[in-house]
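Below: the structure, in structure tokens.
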Amino acid sequence: MPKNQKIFAILENSLIAINGLILILVIGQDHIQLPSFLEVVGRMHPLLLHFPIVMLFLAALLFWFPDALGVNSKNAMKWLLLSALFFTGITVLAGLFLSVEDGYVKEDFENHQWTGLLVFWLGTLWYWFWAKEKLSIAKGLSLVVLALVLATGHLGASLTHGEDFLFAPLKSDRALPQVSFEEALAFDHVIKPILDQKCISCHKAGKVKGELRMDEVQYILKGGETGPAIDMQDLENSQILIHILYPLEDEFHMPPKGKPQLSETELALIQSWILDSAHFEKKLTAYNLESEFIALAKEKFASQESKTYSFEAASTKTIAGLNNDYRKVMATYPDSPGLRVTFFGKNQFDPSTIDDLKKVKDQVVELNFQNMPLKDGDLQKIANYPNLEVLNLNFTGIEGNNLGELKNLKNLTHLSLSGNPLSEAAFESLKDFSQLKNLYVWTNKNTDAIASLKSQLPDTNIEGGFQDDGTLYQLNAPQIEFEKSIFTDKAEVTLKHPIGSVKIFYTLDNTMPDSSNHQLYSGPISLDKNTTLRARAFADGWLGSTEKQAVFFRSKIQPDSYKLTFPPSESYKGKGALTLFDLDKGDDDFFTGKWLGFQDTPFEIQMDFKSPQRIQNIAFSTLAAEGSYIFPPSKVEVWIKTQNTDWKLLDTQNPEQPTGNRDRILQMYETNINQSDVTAIKAKLTPVYPLPKWHPGAGNKGWVFIDEILIN
Amino acid sequence: MEKEQSEYGLNENRRKFLSKVSLGIGSLALGSLLIPDLFKGKSGEDALMEALPHFAPKAKRVIYLFQNGAPSQLETFDYKPLLNQQVGQELPDSIRAGQRLTGMTAGQSSFPLVGSFFKFNQYGESRAWISEAFPYTSKVVDDICIIKSMHTEAINHDPALTFFQTGAQVGNRPSMGAWLSYGLGSENSNLPSFCVLLSRGKGNGQGVYSKLWTNGFLDSVHQGVQFSASEDPVLYLKDPKGMNREDRRRMLDKLAELNNLNYETFGDPEIQAKVQQYEMAFRMQTAVPEVTDIKSEPDSIIKMYGPDCLIPGTYAANCLLARKLSENGVRFVQLYHQGWDAHDNLPNQMVGQAKDVDQASAALITDLKQRGLLDETLVIWGGEFGRTNYCQGKIQVDNYGRDHHPRAFSIWMAGGGVKSGMVYGETDEFGYNIVENPVHVHDFQATILHLMGIDHERLTYKHLGRRYRLTDVHGKVVKDILV
């Protein structure tokens, strides 16, 4: 026999053998015990079934359209159909081996079994009729076989994946209706979703692994092979608990390794729920709120804080159109239809813009007007937002006379009216707002009205805010503002205080300002001589402030020319002698260039006047900073020259020398002149030498520093 | 050959071309019908960022009162009477358990325990222990949640500050405020989303640096805006004489045109950031004077914060300004108060520092509460680490110092979704180790982000090849303190 023929013969014979085996298995189904290696073959059924499906379709293609593949059709057809049938047979056998295992409900799999068997038998008939050239019958059979293949396939898939597998994505009840914590049921809303997600795929109608169904309460209680899933008499030994608590490696651990596992939270939830008497009907709120189960369940709801609203969301375009720099409109949280509107920019606020929001009036859930100037009449517009929950009217300046218009906002839970001059009528109408959970009415007055409101609205949390308990605080000192502390003619000084209602009292004669000797500040003060200004602030309800002091010097007369006999020290030369007359007072930082320093030579200056001057006094402003070796001059000498006389020594002063280091101080040495025709003045300040014994630099040269010479 | 030629010719004619093209376009159309978002084409990052906040936030804004220098928890909220009983005794090795020391005390031969000079009392319904240095805080104790079990790894100021603000001890990463600005932006587009206010205390101060409010590798629009401590918090905001607002607007428009030309040539995103910042400055010109006008505050507010609040640059003034900024939509306001680093002379310094901050911090909470804003504003008070229970240097009756201690310290949080009237976490009787509910800095940061509606693991930015997030690769939200 040619090779082909031999193979065909083998194939045909094997078909008969397979059929025989199948018959035995089908007839003797429940009575047969299979050795375990055949169970392995049985498990290859899902693999093997792909071959007959493809090959049967190809065979049908070739049968109906012989020229399609462009090959010798008779031979090819024989090959294809025979091999297809051979594989079909093996697949059916494997399926029959597999059916011996548990886990499948008889009814569901019987359909699949019979359609599969029919595929095999009718396929064989198709081959037989085709071989016998009875083409019309063969054609009819081929179509029936194809249809049966599809049916078998679908039924088989239902077995593995579940009945609704094909159309499941289109089914819309995937998302559970969101319930709040208060309304949730322990089993339906907390435990069942976990079972649905992780257990049902193998324990439901149509697929009953371990003979256990978990898709309905009755089946959970009924249980499976090893016992009831939840044993109401012996909760601790409920099968669910035993199985989920097995270590992952254990073969009985549920869910099986390789499938999605229970998370820690889910495990804890199931465990705590079962051990807490496994109530199927109880609401969460009926549980003891301290229990572990509730603590875990709360977490689940905490992340679902998202409230659900019954109204639809506004379009993103509308929302985007309502947003500008001074008004922000956005969803309260991602994907929420509820909108929150906030206004900014007091100066840009225009109450008529509230009407723009009419487009989203059903969606607005929060309105924030704080600090925007509103009138009572504008409240009417707000009353049009039926779903409003939070309304912030802090510091809007309303009196609240028509607050009553808002009382129909049934969803209003949070109302802030702080900082407004609320009228009596406002408080009266607030009494009707029993739907509020939080009310903020801090105004620092109306304490009685607030108290009575608290009794009228027992379910509302009312915040009255900071109450001034009458403690007296001390004001902070006033601020003294001036341009220069040394002036030639007049100086203007302004006193300021940040608290507007404050009165500032001051003195100009170096005495402490209080109620006896004060002058009340009413405008800039004009000074025309050397003055020490001291000021304090007073206000009702406050303690008087500490004082602030400022010293002013007048230097009316400036010499027309001046010359230093000795140049100042290199490091402290400022602008030379010019520094002494620039009316720029130095402070105790002697590096600033406003001070001239002399160490090796005394300070000696000759000042000339073109025309005789009437001079009353001359003052030298010096610095003493013993720690920096700067001492008061050991000698101050002043000579004058008048129109008629020559140089004569007018005054010698020996300033008091310190006996220890002190803080830095500024000192002034004044010499009275009182001459009317002075033409020149000469002055000399001699630095200390040697430094006194107590000083760390004893025996060395001291310094004298001078920053201004004031002549009046 | 003819057949091939005619076939080739057929391939090239109009008919074939049109039919092929129509097939292609038709399939595109089909695609867009089936998948409406097909052409909206957002890149992964954009899609990620559009989804913020990740879930409903509790807090919309944060005010972070940072106590720079590290206030001693043993003098504020952690009452350890054992230390008062065992003054002068050595810190047991079992308690110290090998904690590394700073260079300042490593040379000490002994570590004498020293108890707090301040008396403690319990307050409020939470029965929290608060030292006598903080009388005002003790009055609002039922509004705050004190966390006594904070811990960190850093032992010196620079790395600890950086760790707190950026999530890592080395610099160059974005700060907390920058992350929030990047994630959530500002509610009020006329004000920056991240503001920083500094104040100096009289105690031993440590510096703060702009690294702590930097934008790191994020866009520079997310940088913290430091307000100046003077009457004019933002300098150069007023237009010069002779220029009015319309002129300014026209100038900015032309400037933006020039900048855009540059951008089109070089594509540098910093140019766009700059344009945005000019625009923001323009809007700030009107918004900032309105917001920072402290003089318009009613008397009772001034009394509540204390008269210091009128002196710009003080902590009280900054607290008041923080409330005003936050009320107007600034997402993250951070205050730094320096001077808590009491290595010696602690009792004296503590009195001064506490006086600076106590009244104003408590006033801030009351102020927000009475406006109904406390529920949506998260207020945090705390430093970068704690202080040791042993004395640095010699102990005297009323003069001692404490060194840095990272293993346990206390902070408090209020409002914004945090439980009120609660004390969380416990330290051992020596006040040295945590025994219950430790909260690491990363956990703290994760919790803040969670309260703002952000999953800390999902707010990321890709830089130099890998994604970064504020909490680095650590951090778990502390669920126990959330409402």
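Here are the numbers:
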quantity: Per-peptide average of other Cβ atoms within 10 Å, ordering B:150-158, B:232-240, A:486-494 highest first; calculated: B:150-158, A:486-494, B:232-240
quantity: Ranked packing of B:61-72, B:389-400, most packed first, by mean Cβ within 10 Å; calculated: B:61-72, B:389-400
quantity: Over 31 Å between alpha carbons, listed pairs B:LYS119/B:LYS369; B:LYS369/B:LYS476; A:LYS548/A:LYS648; calculated: A:LYS548/A:LYS648
quantity: Test item: B:285-292 mean partner chain Cβ contacts at 10 Å; calculated: 3
quantity: Mean projected area (nm²) of the alpha-carbon convex hull when the stretch A:433-506 is viewed from all directions; calculated: 8.1
quantity: DSSP-defined beta bridges in the protein assembly as shown - what % are antiparallel, rounded to 5; calculated: 65
quantity: Relative contact order of chain A, pairs being alpha-carbon contacts under 8 Å that are 6 or more residues apart, as %; calculated: 6
quantity: When each of A:LYS556/A:LYS641; A:LYS222/B:LYS479; B:LYS60/B:LYS80 is checked by Cα-Cα distance, pairs over 28 Å; calculated: A:LYS222/B:LYS479; B:LYS60/B:LYS80
quantity: Residue exposure sequence - B:ASP308, A:ASP560 - by fewest surrounding Cβ within 10 Å; calculated: A:ASP560, B:ASP308
quantity: A:LYS257-A:HIS50 FRET efficiency (beta carbon distance; Förster radius 35 Å; 0.05 resolution); calculated: 0.85
quantity: Fraction of antiparallel bridges per DSSP, chain A only, in percent to nearest 5; calculated: 75
quantity: Pairwise label distance in nanometres, B:ALA97 with A:SER526, each label 7 Å out on the Cα-Cβ vector; calculated: 7.8
quantity: Positive dipole terminus of the protein assembly as shown, leading residue within A:PRO696, B:HIS450, A:ASN75 (C-beta point charges); calculated: A:ASN75
quantity: Cα centroid separation, the stretch B:75-146 to the stretch B:279-344 (Å); calculated: 31
quantity: Partners for A:LYS78 among lysines (Cα-Cα distance below 30 Å; same-chain residues under 8 apart left out); calculated: A:LYS3, A:LYS6, A:LYS132, A:LYS134, A:LYS139
quantity: Karplus-derived 3J(HN,Hα), 6.51/-1.76/1.60, for each residue of the stretch B:401-412, Hz, glycine and proline x; calculated: x, 10, 8, 6, 9, x, 7, 7, 7, 10, 9, 10
quantity: Nearest-0.05 FRET efficiency for B:ASP344 and A:LYS503, computed from C-beta distance (R0 51 Å); calculated: 0.70
quantity: Debye equation applied to the C-alpha atoms of the protein assembly as shown, log10 I(q)/I(0) at 0.04, 0.07, 0.09 Å⁻¹; calculated: -0.40, -0.94, -1.27
quantity: For the stretch B:375-459: span of alpha carbons on each principal axis (Å, largest first); calculated: 49, 25, 20
quantity: Kirkwood-type radius of chain B, with distances r between different C-alpha atoms, in Å; calculated: 24.9
quantity: Chain lengthening between A:ILE32 and A:ASP448 when straightened (0.36 nm per residue, less Cα-Cα); calculated: 140.6 nm
quantity: Unit charges on C-beta of K, R, D, E only; dipole of chain B, Debye; calculated: 600
quantity: Cα centre as origin, Lys/Arg/Asp/Glu Cβ charges: the protein assembly as shown dipole, Debye; calculated: 2620
quantity: Cα→Cβ-extended label distance, 7 Å offset, between A:ASP600 and A:LYS222, nm; calculated: 11.7
quantity: Alpha-carbon Rg/Rh ratio, for chain A, with Rh computed the Kirkwood way; calculated: 1.36
quantity: Extension reserve of the A:ASN438-A:TYR689 stretch, reckoned as 0.36 nm per residue once the Cα distance is removed; calculated: 82.5 nm
quantity: Likely footprinting exposure, A:GLU216, B:GLU2, fewest C-beta neighbours within 10 Å first; calculated: B:GLU2, A:GLU216
quantity: Hypothetical label at B:ASP239: residues of the stretch B:245-268 whose amide nitrogen lies under 16 Å (7 Å Cα-Cβ projection); calculated: B:245-255
quantity: Considering only the stretch A:508-665, percent of DSSP beta bridges that pair antiparallel, nearest 5; calculated: 85
quantity: Averaged over B:369-379, number of beta-carbon atoms from partner chains that fall within 10 Å; calculated: 6
quantity: Within the protein assembly as shown, helix-based [θ] at 222 nm, where runs of 4 or more DSSP H residues each add -39,500 (n - 2.57), nearest 500; calculated: -10000 deg cm²/dmol
quantity: Principal axis box of the stretch B:306-436, alpha-carbon based, largest edge first, Å; calculated: 49, 37, 20
quantity: Where labels lie 7 Å past Cα in the beta-carbon direction, separation of A:PHE311 and A:LEU248 in nm; calculated: 4.9
quantity: Over the stretch B:179-289, relative contact order from alpha-carbon pairs under 8 Å, at least 6 apart, %; calculated: 31
quantity: Point-charge dipole on Cβ atoms (K/R +1, D/E -1) for the stretch A:277-428, about Cα centre, debye to 20; calculated: 340
quantity: Rg over Rh [alpha-carbon atoms, Kirkwood Rh] for the stretch A:433-565; calculated: 1.33
quantity: Above-threshold pairs, the threshold being 32 Å between Cα atoms, out of A:LYS317/B:LYS58; A:LYS328/A:LYS503; A:LYS484/B:LYS303; A:LYS346/A:LYS445; calculated: A:LYS328/A:LYS503; A:LYS484/B:LYS303
quantity: Efficiency of FRET from Cβ geometry, A:ASP325 and B:TYR209, R₀ 30 Å, rounded to 0.05; calculated: 0.35
quantity: For peptides B:187-198, A:522-533, sequence by mean Cβ density within 10 Å, most packed first; calculated: B:187-198, A:522-533
quantity: Kyte-Doolittle mean at least -0.5, axial Cα span of 27 Å or more - DSSP H helices of chain B; calculated: B:14-34, B:269-291, B:346-370
quantity: Anchor B:LYS202: lysines whose Cα lies under 17 Å away (excluding residues fewer than 8 positions away in-chain); calculated: B:LYS355
quantity: Filtered GluC sites (Glu not before Pro), the stretch A:328-427: DSSP coil and at most 16 other beta carbons within 10 Å; calculated: A:GLU399
quantity: Cβ-based net charge around B:SER361, under 12 Å, with every Lys or Arg adding one and every Asp or Glu removing one; calculated: -1
quantity: Residue order, fewest to most beta carbons within 10 Å, for A:MET77, B:MET176; calculated: A:MET77, B:MET176
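Throughout, read-outs are computed from the coordinates displayed, never taken from laboratory work. Computed from a predicted structure; not experimentally measured. Methodologically, a virtual Cβ is constructed for each residue, glycine included, from the backbone with ideal geometry; neighbour enumeration extends over all protein chains shown.
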